[in-house]
Amino acid sequence: MVIFAILAALTVAGGLAAVMLRNTVHCALAVAVAFAGLALLFLRLNAQFAGFAQILVYVGAVAILVVFAILLTRNSETPATGVFSKTWLAGLVIAAAVFAVLAWAVIKSQAALPQEQTEPQISVAQIGNALMGRYVLPLEIVAVLLTAAMIGAVIVAMHEKGSAK
Amino acid sequence: MTNTLDQIFVLLKHWIIGFLPVWLQPIVAALLSVVAILAVFPGLFAISVLLERKGLGRMQNRIGPNRVGPLGVLQPVADGIKALIKEDVIPYSADHVVHFLAPVMLVVVVFMGYAVLPMGRNMTFVPMDAGLLFYFAMGASAELTVFMAGWSSRNKYSLLGAMRAVAQMISYEVPLLMSSVVIVMMTGSLSLDKIVEVQNQYTWGLPHWFVFTPMGFAAFVMFAIAATAETNRSPFDLPEGESELVAGYFTEYSGFKFAEFFLGEYVAMLSISGLGATLFLGGWSAPLAILNVVPSWFWFFAKIMTWICFYIWMRGTFPRLRQDQLMNFAWKFVLPMTLLNLLVAGLWRFMGEGFLRWVVCSAILLSAYIIGGRIGMRSKKFGPRSYRYAE
């Protein structure tokens, strides 16, 4: 419980820092802290695969991409008016509403799931077997989608290069 | 006797924690392993720095360090003392917190990787089911620290070096993972202990190392290339190309922080060599069945040091690549070849035991490399060397 409290505090602090800090790169680094905190929470729940994949994908790749995007775009300086936008109240309401819906769904779903006496022990091998066996079709569809997105990105980049000549 | 020598470190650990009360034992056991890792690998770091400076000296027809101690063997000690007592300069406009955190975090994540490496029989610190995944997760975190170092220095050279380093590390991480996946496909496990177990078998006294299978060998070559790029070693050391970027992302670091980057780089090299040895060269297993009398940990460290010598040899031999060559090589050659390798590994799995699969898999890989190489050479239109001078 103490460990959970520390990790939760770390994650929430990272998330809050990501929206409150004035320097955009600091925000990106704070997001990385929040991702790492989430990964540690997954590990705390014995979800090794989710935890390590979280670090590998989010800390290793997504945070880096965010940082690159910040550095390669102009006007990433914070405006003099501060980081709070004028419509922060509406944003807060929407965020709270989304959180409420998600929390409600999670709490309700507890009744629908079969009650298990012991914690299920899910190993990485089981996840692999499930992905390659029962869920192979969704996996392939996601793969096709990602490939299509990648090809699209390459085409967008190539077009710009061609017109510049 | 052989067995005792093989397990000497494990027995030593059990002997030490035997003196302690039961509730303290797990903590002290973990602490002892951590201390051992933190003592051994910086020691190897010192040895490899000395080897590198001496070896490079030989390759470049000079003597190398020879003043401190007999034949200059105490040079790393002198370097360490120098780094400790140097002034720690922080640029005025640097981002102090991030500037301080970057080297510390780099060293932390680099050392974390050792937690899952099997350094001998029963000598894995954390025998984890998803060990390989853990290792790569830690390797991926190192990229962020490199960026932090370059960005927080507020120096154009640092930032350029960091951008180069991050782009290179992300690009070569893909083939690094893909070439390791071949091994995972062949063993059916992400646990590094299991991977070594599978390789620790002998036919006619010869080991079942994965490097001796067709796709294992191809993956080994690709892994070695990607590992060199991942640790920013020559010929892939553009991020710290002295002639262009002063020292890359750690230009603005001095004193002990610089030493931390230096340590981080070499410890990462040692660790990725350890991973390569574990995946392809049988980890702690002996190269011949009769050599099993030699303790298992000796083989692991011997393989690491062989790999380091290979790195030094490459650094003394190859010129540095250009940035576009580096990227083209990663995405247009190494990645397709590792993907092909995955297909071949699947074929190997489904062709069953026998002689035929050796012929078919070798033929596919060989023809792919030969045809790919021929086409690549032809499209480059290599002719007699020509020189262009600045007017």
Return the total of residues in region B:42-86 being part of a loop (DSSP other than H, G, I, E, B) and either within 14 Å of chain A (Cβ to nearest Cβ) or among the hydrophobic types (A, V, I, L, M, F, W, C) (or both). 4
So which residues in region B:155-184 are within 24 Å of B:Pro91 (Cβ to Cβ), part of a helix (DSSP H, G or I) and more than 9 Å from chain A (Cβ to nearest Cβ)? B:Lys156, B:Tyr157, B:Ser158, B:Leu160, B:Gly161, B:Ala162, B:Arg164, B:Ala165
Any residue in region B:114-133 that is at positive phi sitting within a Cβ distance under 6 Å of a residue that is aliphatic (A, V, I, L, M)? List the pairs, counting only those 6 or more apart or interchain. B:Asn122/B:Val10
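Yes or no: B:Phe382 over 22 Å from the mean Cα position of the chain (by Cα), free of Cβ contacts under 8 Å to residues at least 60 places away in the same chain and farther than 24 Å from B:Ile225 by Cα?
Spelling it out, it is not the case that B:Phe382 is over 22 Å from the mean Cα position of the chain (by Cα), free of Cβ contacts under 8 Å to residues at least 60 places away in the same chain and farther than 24 Å from B:Ile225 by Cα.
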Is region B:143-154 home to any residue that is outside any helix (DSSP H, G or I) and away from chain A (no Cβ under 14 Å)? no
Looking at B:Ala224, B:Ala219, can you tell me which residue is of a type in the set (Gly, Ala, Ser), more than 30 Å from B:Ala247 (Cβ to Cβ) and assigned to a helix (DSSP H, G or I)? B:Ala219
Take region B:194-207 and flag every residue that is surrounded by fewer than 20 Cβ atoms within 10 Å (Cβ to Cβ) and either in a helix (DSSP H, G or I) or without any contact (Cβ under 8 Å) to a residue 12 or more places away in the chain (or both). B:Lys194, B:Glu197, B:Val198, B:Gln201, B:Thr203, B:Trp204
State whether one or more residues within region B:130-142 are surrounded by fewer than 24 Cβ atoms within 10 Å (Cβ to Cβ), facing chain A (nearest Cβ under 10 Å) and not in a helix (DSSP H, G or I). yes
Output the number of the condition that B:Val116 fails; it satisfies all remaining conditions of (1) more than 29 Å from A:Val124 (Cβ to Cβ); (2) in contact with a Phe, Trp or Tyr (Cβ under 7 Å, 6 or more places away or on another chain). (1)
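Only one of B:Ala330, B:Ala390 is modelled with pLDDT of 80 or more and among the small types (Gly, Ala, Ser). Can you tell me which? Spell out the reasoning first.
On the way: B:Ala390 fails: modelled with pLDDT of 80 or more.
Result of the check over B:Ala330, B:Ala390: B:Ala330.
For the structure I just gave you, tell me whether A:Phe49 is modelled with pLDDT under 85 and part of a helix (DSSP H, G or I).
For A:Phe49, the condition - modelled with pLDDT under 85 and part of a helix (DSSP H, G or I) - is met.
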Kindly provide the set of residues from region B:276-294 that are part of a loop (DSSP other than H, G, I, E, B) and surrounded by fewer than 21 Cβ atoms within 10 Å (Cβ to Cβ), ordered by number. B:Ala286, B:Pro287, B:Leu288, B:Val294
I need the full set of residues from region B:25-36 which are closer than 24 Å to B:Phe261 by Cβ and surrounded by fewer than 17 Cβ atoms within 10 Å (Cβ to Cβ), in order please. B:Val34, B:Val35
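Evaluate the following for B:Lys13: is it more than 26 Å from the chain's Cα centre (by Cα) and closer than 30 Å to A:Asn23 by Cβ?
Here the answer is no, as B:Lys13 does not meet what is asked.
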Before we move on, is B:Val89 in a helix (DSSP H, G or I), touching a residue at least 60 places away in the same chain (Cβ under 8 Å), β-branched (Val, Ile, Thr) and more than 12 Å from every other protein chain (Cβ to nearest Cβ)? no
Show the residue pairs meeting these rules: Cβ distance below 7 Å; 6+ apart or different chains; first residue within region B:285-306 and farther than 19 Å from B:Ile195 by Cβ; second residue among the β-branched types (Val, Ile, Thr). B:Val293/B:Thr2
Select from region B:244-275 the residues that are of a type in the set (Phe, Trp, Tyr) and either modelled with pLDDT under 80 or in a helix (DSSP H, G or I) (or both) and write down the one among them that is nearest to the chain's Cα centre (by Cα). B:Tyr266
Being within 11 Å of chain B (Cβ to nearest Cβ) and surrounded by fewer than 20 Cβ atoms within 10 Å (Cβ to Cβ), is that true of even one residue in region A:1-18? no
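Only one of B:Gly120, B:Gly113 is crowded, with 20+ Cβ neighbours inside 10 Å, touching a Ser or Thr at 6+ places or on another chain (Cβ under 6 Å) and in a loop (DSSP other than H, G, I, E, B); which?
Just a single option satisfies the conditions, and that option is B:Gly120.
Every residue, every condition in (1) within 19 Å of the chain's Cα centre (by Cα); (2) aromatic (Phe, Trp, Tyr); (3) in a helix (DSSP H, G or I); (4) at pLDDT below 90, yes or no:
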site	(1), (2), (3), (4)
A:Val57	yes, no, yes, yes
A:Leu71	no, no, yes, yes
A:Ala103	yes, no, yes, no
A:Lys108	no, no, yes, yes
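The values are calculated or read from the model by the stated rules, or taken from the named source; none is laboratory data. On a predicted model such as this, the values are computed, not experimentally measured, just so you know. Heads up, the Cβs are rebuilt from the backbone with ideal geometry, glycines too, and the neighbour counts pull from every protein chain shown.
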